[in-house]
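Read-outs throughout are calculated quantities, based only on the coordinates presented, and are distinct from any laboratory measurement. Because the structure is predicted, anything quoted here is derived from the model rather than measured. Because the Cβ atoms are built from the backbone with ideal geometry, glycine has one as well, and the counts that use them run over all protein chains shown.
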Amino acid sequence: MAFLNRADWYDLARATNWSPRYVSEDQLFPPEMSDRFGLSLEQWEAYDEPFKISYREYVDVQSRKDADAYSVRAALARSNFYDNADAGWQSILKLHFGALCLTEYSAVPGESKMARFGKAPGMRNMATFGALDEMRHTQIQLYFAHEFVSKSRQFDLAQKLLSTNSWAAIATRSAMDDTILGRDAATLSIMLTFALEQGFTNLQFLGLAADAARAGDFSFSNLISSVQTDEARHSQIGGATLKVLIANGKKEEAQRAVDISFWRQWRLFFTLTGPAIDYLTPLAHRDKSFKEFIQEFIVAQFERALVDLGLERPWYWDFFLKSIEFYHHSGHLEIWFVRQTVWWNPAAGVSAAERAWLEAKYPGWNAKWGRLWDVIADNVRHGRTDKLYPKTLPMLCNICGLSVGSIPHEGHSNRGYWTEFGMRRYYFCSEPCQWIFNLEPLRYQDHKSVIDRLLCGDIQPPDIEGTLRYFDLMPGERGEDAHDYAWAWPELALDPAAERPSQEAA
Ligand code: MN
Ligand code: MN
């Protein structure tokens with residue numbers, strides 16, 4: 001039997017547009033589900049996905065990817081890697097699985113919406129595979145996380161987190177709903193695949209894979225590299241959309257979609273990946289700094305993708321570049337401080353040797369951040385435990401759900417942003433988050449931040465314990481200092497097992 005080459009039949013086989021006779025084009029492809037930019041089916045005919053694959057090839061490649069990842073895991077299952085790993089690395093696994101397993105699943109309706117409502121046949125084809133990809137990412141990561149459930153209850157959060165009212169879950173759901181569920185197929189192809197997947201999944205899935213391999217966690221390194229190979233394919237959906245939109249005079253609207261989503265993803269990803277790479281990964285296993293990964297994957301690659309398409313850098317690009325220097329240092333310190341509210345055990349990561357690394361990677365780190373950690377370490381050594389936990393929650397942004405971060409000791413660099421709308425005032429962490437709200441206040445007005453919920457009386461009793469229960473974080477799940485404060489005694493910090501002087505003596 002003779003077979004045609006894929007290139008000889010692919011275009012014809014996926015040309016699945018037809019002229020509807022019983023319904024109008026807008027009934028078949030409602031603009032609010034398909035294309036808010038208002039392009040016709042004919043204009044979408046120019047859509048050309050750069051990555052072409054048949055179903056037969058897809059299934060073959062995916063089954064081999066799964067076989068590879070599962071067999072590496074099986075081979076290493078008895079290695080006791082987890083038991084012997086540094087507490088910081090154990091926390092990375094808890095953080096990663098909790099934050100991502102079900103977030104992967106939240107991408108399935110996005111891919112499915114493009115598979116049904118995309119007006120370009122190529123988009124529908126690619127997104128069908130994309131939906132299968134995201135199911136694979138959910139299932140394989142849940143499976144890997146399940147191995148550790150017997151080690152720590154905190155791994156339960158892989159299943160549980162995204163359906164709780166934890167601040168991290170609210171921030172993640174809000175961003176995903178805004179970029180996936182609340183958008184039409186054309187817009188979400190830009191927001192989800194171009195801005196999130198092409199820009200940011202590289203950071204977590206490739207950046208962390210490098211550190212994982214160096215740390216000897218080959219099971220995890222293989223797993224997330226395997227996931228990223230799918231992302232690299234289906235993230236191409238949005239670039240092809242952008243070409244069609246720009247060719248049809250929609251550059252300004254397309255640019256806005258990029259700018260909104262890029263900022264929302266940046267707020268999430270520096271919180272997720274920044275502390276993992278610069279603080280939780282044991283020093284000996286670190287590859288590049290978070291800033292270096294950003295410069296490689298975002299500043300160089302993403303910027304080039306924008307320029308190649310004829311788009312501009314987002315209007316806040318200068319501030320974005322500045323924020324690379326401080327957002328995640330501020331975020332890490334804050335997460336350590338509110339560690340009861342997270343499902344992993346934050347490692348302070350500020351022993352003498354780690355500080356030297358941070359200072360080398362971020363000149364001025366000691367003067368800005370080290371001196372804050374000095375105060376915390378002093379409180380630890382003198383047993384002032386009441387000062388090691390917050391008395392209240394930080395102010396949270398009404399768009400991203402995360403707190404305001406700024407650079408300490410630079411005068412009052414922290415400033416407030418707010419908008420009066422309807423009956424109330426909305427607060428923002430930054431100018432881009434305020435800009436997003438002001439574009440469409442009706443879209444965002446009913447969303448309540450954790451602080452709003454506290455002030456409205458949704459959280460009872462309105463204290464720390466009431467808040468933790470509202471977050472659905474039970475004792476045993478709440479974070480503690482990963483190294484039991486050993487880092488606060490500089491002479492012991494490199495040897496957490498060494499006996500500690502009594503707090504009186506210190
Ligand atoms: Mn995925
Ligand atoms: Mn994806």
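The Lys151 and Leu283 beta-carbon pair, evaluated with R₀ = 25 Å, returns a calculated FRET efficiency of approximately 0.60.
Note on segment 1-126: semi-axes of the ellipsoid equivalent to its C-alpha gyration tensor, largest first and rounded to whole Å, are 41, 23, 10. Taking the Cα centroid of segment 204-247 and of segment 12-34, what is the distance between the two, rounded to the nearest whole Å? Between the Cα centre of segment 204-247 and that of segment 12-34, the gap is 32 Å.
Averaging the sequence gap over all C-alpha pairs within less than 8 Å and six or more residues apart, then dividing by the number of residues, gives segment 365-479 a relative contact order of 20 percent. In order along segment 385-399, the Karplus-derived 3J(HN,Hα) couplings, from 6.51 cos²θ - 1.76 cosθ + 1.60 at θ = phi - 60°, round to 5, 5, 8, 8, 10, x, 8, 8, 8, x, 5, 10, 6, 6, 9 Hz, and Gly and Pro are given as x. Neighbour counts of other Cβ atoms within 10 Å put Cys101, Cys397 in the fewest-to-most order Cys397, Cys101.
If the segment from His409 to Arg6 were pulled out straight at 0.36 nm per residue, it would be longer than the present Cα-Cα gap by 139.0 nm. Against the chain, whose longest principal axis comes from its Cα atoms, helix 327-337 is set at around 50 degrees.
Residue order for Leu402, Leu439, fewest other beta carbons within 10 angstrom first, comes to Leu439, Leu402.
Counting neighbouring Cβ atoms within 10 Å and putting the fewest first, the residues Lys361, Lys119 line up as Lys361, Lys119. Note on Asp463 and Asp386: the extension gain reaches 26.2 nm, defined as 0.36 nm multiplied by sequence separation minus the Cα-Cα distance. With a cut-off of 11 Å between beta carbons, the residues surrounding Cys400 carry a summed charge of +1, where Lys and Arg count +1 and Asp and Glu -1.
Within segment 40-309, what is the number of lysine pairs with alpha carbons under 28 Å apart, leaving out pairs fewer than eight places apart on the same chain? Value for segment 40-309: 24.
Between the amide H of Ala348 and those of Ala482, His483, distances stay under 5 Å, these residues lying 5 or more places away or on another chain, with hydrogens modeled in the peptide plane. Counted residue by residue at 0.36 nm each, then reduced by the alpha carbon distance between them, the extension gain from Asn379 to Arg424 reaches 12.3 nm. Amide H contacts of Leu396: Ile451, each under 5 Å away and 5 or more positions distant or on a separate chain (H built 1.01 Å from N in the peptide plane; Pro and chain starts excluded). Over the C-alpha atoms of the chain, the Rg to Rh ratio, Rh being the Kirkwood estimate, stands at 0.98.
Among the trypsin sites (Lys or Arg not before Pro) in segment 1-107, those placed in a DSSP loop whose Cβ has at most 13 other Cβ atoms within 10 Å are Arg21, Arg78.
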